[in-house]
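Peer 1: Encoded as structure tokens, here's the structure I'll be asking about.
The values are calculated or read from the model by the stated rules, or taken from the named source; none is laboratory data. Quick caveat: nothing in here was measured; it's all calculated off a predicted structure. Here the Cβ positions follow ideal geometry from the backbone for every residue, glycine too, while neighbour counts run over all protein chains shown.
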Amino acid sequence: MQSISRENEPIKIVTPEDRLRVSAILTTAFTMCPLSRWLYPEPVRYLRHFGGFIDHYAGDPYTDGSGAYLDNGDKGALLWLSDKVHRDDARFMEFVLGSVPERRRAEAERVFEEFGKFHPQKPHWYFTMLGVDPLLQRSGLGGLLYRHGLALLDKAKGLAFTEATSSDSARLYERLGWKIVGEVQVGSSPPCFPMLRQPR
């Protein structure tokens, strides 16, 4: 981990022109994510498919500015979907089943089906992806980005849902007001933690 100052980190709201830039940030960041590397264990498969995974998993946050990234050096990014924007779950699952190794397909499908069971029935924001450059993880940048997104959420007095893909991520989110509402682990998959954050 590099030592950095967080005092003057410029945060930029995403636009459609930022899609490739943000995808590169997240593809780099998620090389360390247990769930992502379980889905795409071979480096060539990961690099071939993860950009598409981001597009399908995160929906389209770019058209309404539902995301932010650190504009100085592309150190990290956060994407979410507001309660007015929804992901195409059928297309997402079709992409997953067509891109993960055949031996993982059944378990991968069940993992995401289990995630779906924890989504609130009422309107909510869905924080889909938070990623920081592996060289800068545990430096506070993830929390900085998340606090920026949560300030917008709290201004809207919104309910929010996310999935933490590691216990470290879950601990970070708990410090920001999230609560674990379950655990998802299917076959050989790593444990993940659906989480809710109540309106503030």
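Peer 1: Going through 111, 22 one at a time, which residue ends up being under 19 Å from residue 164 (Cα atoms) and buried (at least 20 other Cβ atoms within 10 Å of the Cβ)?
Peer 2: 111
Peer 1: Just checking, which of 59, 52 is touching a strand residue (DSSP E or B) at 6+ places or on another chain (Cβ under 6 Å) and within 18 Å of residue 91 (Cβ to Cβ)? Can you show your working first?
Peer 2: Working: 52 fails: touching a strand residue (DSSP E or B) at 6+ places or on another chain (Cβ under 6 Å).
Of the residues listed, the single one that is touching a strand residue (DSSP E or B) at 6+ places or on another chain (Cβ under 6 Å) and within 18 Å of residue 91 (Cβ to Cβ) is 59.
Peer 1: Moving on. Let me spell it out: the conditions are (1) more than 18 Å from residue 35 (Cβ to Cβ); (2) out of contact with any strand residue (DSSP E or B) (no Cβ under 8 Å at 6 or more places or on another chain); (3) surrounded by fewer than 15 Cβ atoms within 10 Å (Cβ to Cβ); (4) not β-branched (Val, Ile, Thr), and residue 168 meets all of them except one. Which number is the exception?
Peer 2: Unmet condition: (1).
Peer 1: Restricting to segment 134-145, count the residues that are under 14 Å from the mean Cα position of the chain (by Cα) and either surrounded by 19 or more Cβ atoms within 10 Å (Cβ to Cβ) or over 23 Å from residue 24 (Cα atoms) (or both). Step through it out loud before you land on a result.
Peer 2: Narrowing segment 134-145 to residues under 14 Å from the mean Cα position of the chain (by Cα): 142-143, 145.
From what's left, either surrounded by 19 or more Cβ atoms within 10 Å (Cβ to Cβ) or over 23 Å from residue 24 (Cα atoms) (or both): 142, 145.
Adding up the residues that qualify gives 2.
Peer 1: Looking only at segment 37-51, which residues are within 14 Å of residue 97 (Cα to Cα) and under 14 Å from the mean Cα position of the chain (by Cα)?
Peer 2: 50
Peer 1: For segment 146-164, name all the residues that are more than 14 Å from residue 118 (Cβ to Cβ), crowded, with 19+ Cβ neighbours inside 10 Å and not aliphatic (A, V, I, L, M).
Peer 2: Taking segment 146-164 first, the residues more than 14 Å from residue 118 (Cβ to Cβ) are 146-158.
If we keep only those that are crowded, with 19+ Cβ neighbours inside 10 Å too, we end up with 146, 149-150, 153, 158.
Once the filter is applied, which keeps residues that are more than 14 Å from residue 118 (Cβ to Cβ), crowded, with 19+ Cβ neighbours inside 10 Å and not aliphatic (A, V, I, L, M), segment 146-164 yields 146, 149, 158.
Peer 1: List every residue pair whose Cβ atoms sit under 8 Å apart, with the two residues 6 or more apart in sequence or on different chains, where the first one lies in segment 18-35 and is more than 18 Å from residue 69 (Cα to Cα) and the second, anywhere, is β-branched (Val, Ile, Thr).
Peer 2: That search, which allows pairs on different chains as well, returns 33/165; 34/165; 35/111; 35/165.
Peer 1: Within segment 7-27, how many residues turn out to be assigned to a helix (DSSP H, G or I) and more than 13 Å from the chain's Cα centre (by Cα)?
Peer 2: Going through segment 7-27 one residue at a time, the tally reaches 7.
Peer 1: Filter segment 191-200 for residues that are surrounded by fewer than 18 Cβ atoms within 10 Å (Cβ to Cβ) and out of contact with any Lys or Arg (no Cβ under 9 Å at 6 or more places or on another chain) and give the result. Outline the logic, then answer.
Peer 2: Going through segment 191-200, the residues surrounded by fewer than 18 Cβ atoms within 10 Å (Cβ to Cβ) turn out to be 191, 198-200.
Correct list: 191 only.
Peer 1: Hey, another quick one. Does residue 28 count as of a type in the set (S, T, N, Q), over 17 Å from residue 100 (Cα atoms), at pLDDT 95 or above and loosely packed, with under 15 Cβ neighbours inside 10 Å? Even if it seems obvious, please write down each step before you answer.
Peer 2: Details: of a type in the set (S, T, N, Q): yes; over 17 Å from residue 100 (Cα atoms): yes; at pLDDT 95 or above: yes; loosely packed, with under 15 Cβ neighbours inside 10 Å: no.
No, not satisfied.
Peer 1: Inside segment 60-86, can you point out the residues that are touching a helix residue (DSSP H, G or I) at 6+ places or on another chain (Cβ under 9 Å), hydrophobic (A, V, I, L, M, F, W, C) and within 21 Å of residue 161 (Cβ to Cβ)?
Peer 2: Within segment 60-86, 68, 77, 78, 79, 80 qualify.
Peer 1: In addition: Inside segment 36-70, can you point out the residues that are among the aliphatic types (A, V, I, L, M) and buried (at least 18 other Cβ atoms within 10 Å of the Cβ)? Working first, answer last.
Peer 2: Here is the first cut: in segment 36-70, the ones among the aliphatic types (A, V, I, L, M) are 39, 44, 47, 54, 58, 68, 70.
Residues satisfying the conditions are 39, 54, 58, 68, 70.
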